[in-house]
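The values are calculated or read from the model by the stated rules, or taken from the named source; none is laboratory data. For clarity, every value in this text was computed on a predicted model and none was experimentally measured. So basically every Cβ, Gly included, is an ideal-geometry build from the backbone, and we count neighbours across all protein chains shown.
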Amino acid sequence: MKRDKIIKMTEEFVRQNLKGHDSGHDWLHIDRVRRLAAFINRQESVADPFVLEISALLHDSADSKFSGRKDEYGYEQIGKFIETAGMTEIKDHVINVIRNISFSNKNPSGSLNDPVLLIVQDADRLDAIGAIGIARAFNYGGFRNNAIYLPDSNPDSKDSSTIAHFYEKLLKLRDMMNTPTGRSIAEERHQFLEIFLKKFIEEWEFDYNQQ
Ligand code: ADP
Ligand code: NI
């Protein structure tokens with residue numbers, strides 16, 4: 001099968017798979033990650049562009065937060081798709097990337113220094129910060145019916161707010177970048193998060209009783 005046909009088939013598989021996800025985790029997120037990953041790789045030329053594109057396209061397809069089933073089931077489905085699409089020779093590589101990409105992955109396994117993994121991970125993390133990252137966070141919080149901000153909440157509390165998520169995750173991502181290109185984009189996006197938080201707290205703490 002021709003590579004562009006395989007890409008089209010993969011796009012279709014992913015679109016079907018992501019139906020019902022919140023809109024911060026939808027096809028357009030996948031498309032941004034794919035484009036960011038390709039951009040990073042054009043600067044660094046370290047990964048095979050085809051494996052990179054397929055991995056970026058499939059990176060969220062096994063996410064159990066949405067499918068309600070175990071990740072293993074997702075990996076099996078993705079593996080079956082990869083075989084059907086005639087990409088058996090890259091199956092283990094792509095599955096390894098998807099297994100290890102998540103911020104919350106507590107059980108890393110396999111090759112963690114693979115350039116494809118490092119780039120897709122950077123692209124995925126970059127999409128969680130900056131203006132788009134802020135929009136996605138509030139969108140996700142709305143989807144979960146979380147508060148935007150709980151000023152006096154205990155940081156360990158279960159009902160945490162979207163602003164708390166900035167401190168739990170988003171502000172940490174800049175220092176977790178793998179590639180020089182990722183780091184430089186993250187720097188700018190991180191600064192925007194800080195500006196946003198500063199304004200947010202300023203407005204929240206506005207003294208309405210001042211003369
Ligand atoms: P990963 O794919 O690395 O596991 P997630 O699926 O946890 O990342 O997050 C996907 C998107 O949803 C990100 O933009 C992230 O900031 C947002 N998100 C995840 N959890 C929360 C939360 N508790 N509050 C607000 N946004 C969240
Ligand atoms: Ni993602």
Q. With respect to the numbered conditions (1) surrounded by 14 or more Cβ atoms within 10 Å (Cβ to Cβ); (2) part of a helix (DSSP H, G or I); (3) modelled with pLDDT of 85 or more, which one is the sole condition not fulfilled by Val46?
A. (2)
Q. Just to be sure, is Arg3 within 15 Å of ligand 2 (Cβ to nearest atom) and loosely packed, with under 15 Cβ neighbours inside 10 Å?
A. no
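Every residue, every condition in (1) under 17 Å from Glu188 (Cβ atoms); (2) at pLDDT 95 or above; (3) out of contact with any strand residue (DSSP E or B) (no Cβ under 8 Å at 6 or more places or on another chain); (4) of a type in the set (A, V, I, L, M), yes or no:
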residue	(1), (2), (3), (4)
Ser104	no, no, yes, no
Asn113	no, no, yes, no
Leu117	no, yes, yes, yes
Gln121	no, yes, yes, no
Gly130	yes, yes, yes, no
Arg144	no, no, yes, no
